[in-house]
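Accompanying notes for the structure given below.
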Amino acid sequence: MTVFEAIHKRYTHKEAFLPDEVPLADLEVIARAGIAAPSGVNRQSVRLVILQNREELAPICAASPAIGLETASSAIAVLTDKTVTPKGEINFEKEDYAAAVQNMLLAATALGYSSQWLDSPYFDAEKEKATRAVLGAPDTFHLWATLPIGKPKGKGSRRDKLPFEKRVSFGKF
């Protein structure tokens, strides 16, 4: 699959996953794609936690329930290290994590898996803190998202995209 095919085939899988295991080698390929993403001032703030099986995912589900996490056989948690930005300098953690997530979503798609950019549970500071604690991440880290990864149970619903002409202009807005 080309990168362009992966870009156009990728969708947000918000439904259940099959119980099929995702091989660790595939999870590593996906994680490597994440850490290959660009980062502001090359600070490389992103840290990933690969959750290989249901036993590792169960405590995460208790802290931040979601159908994807509750049914996927694997996931990758995406955190950033707050200490890499010197005081008074521009912080690029949000951009860093977003670039890493997009790379991982495309890599998962290219390998034949589905995923979801699951960040909304962590908008709640208490859920973010509780889930980060389950992961064993120190307070100097921020948990931005968890990506459940697996084979979709069923076709999965895809949302239509607006046509190119409605979103892109040439020369001026």
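The values are calculated or read from the model by the stated rules, or taken from the named source; none is laboratory data. Source: prediction; values computed, not measured. All Cβ positions, even for glycine, are placed from backbone atoms using ideal geometry, and neighbour counts span all protein chains on display. The area values use the complete protein model at the heavy-atom level, side chains included, leaving out ligands, DNA and RNA. Shrake-Rupley method; radii C 1.70, N 1.55, O 1.52, S 1.80 Å.
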Subject >> Residues (surrounded by fewer than 18 Cβ atoms within 10 Å (Cβ to Cβ), of a type outside the set (Ser, Thr, Tyr) and touching a Lys or Arg at 6+ places or on another chain (Cβ under 9 Å)) located in segment 9-18 >> reply: Glu15, Ala16, Leu18
Subject >> One residue from Glu28, Glu21, Glu56, Glu95 being under 23 Å from Ala133 (Cβ atoms) and open to solvent by 60 Å² or more (accessible area, probe 1.4 Å) >> reply: Glu56
**OP:** Check whether at least one residue in segment 32-47 is within 10 Å of Ser74 (Cα to Cα) and either over 13 Å from the mean Cα position of the chain (by Cα) or surrounded by fewer than 14 Cβ atoms within 10 Å (Cβ to Cβ) (or both), and report yes or no.
**Re:** no
**OP:** Name the single residue, out of those in segment 59-92 being crowded, with 16+ Cβ neighbours inside 10 Å and of a type in the set (Ser, Thr, Tyr), that is farthest from Phe123 (Cα to Cα).
**Re:** Ser73
Subject >> All helices (runs of 4 or more DSSP H) inside segment 69-170 with 3 or more residues being aromatic (Phe, Trp, Tyr) and modelled with pLDDT under 95 >> reply: none
**OP:** Say whether the condition of being crowded, with 21+ Cβ neighbours inside 10 Å, in contact (Cβ under 8 Å) with a residue 12 or more places away in the chain and within 21 Å of Ala6 (Cβ to Cβ) is met by at least one residue in segment 116-138.
**Re:** yes
**OP:** Would you mind stating whether Leu162 is on the phi < 0 side of the Ramachandran plot and open to solvent by 40 Å² or more (accessible area, probe 1.4 Å)?
**Re:** yes
Subject >> Number of the exception - Glu15 against (1) of a type in the set (Asp, Glu); (2) closer than 15 Å to Ser114 by Cβ; (3) at pLDDT 95 or above >> reply: (3)
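Here's the yes/no breakdown for (1) closer than 16 Å to Leu147 by Cβ; (2) free of Cβ contacts under 8 Å to residues at least 24 places away in the same chain:
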| residue | (1), (2) |
| --- | --- |
| Phe17 | yes, no |
| Leu27 | yes, no |
| Ala31 | yes, no |
| Ala36 | yes, no |
| Ser39 | no, no |
| Asn42 | no, yes |
| Leu48 | yes, no |
| Ala58 | no, yes |
| Ser64 | yes, no |
Original post:
Of all the residues that make up segment 33-68, how many are under 15 Å from Ala108 (Cβ atoms) and outside any loop (DSSP other than H, G, I, E, B)?
Top reply: 7
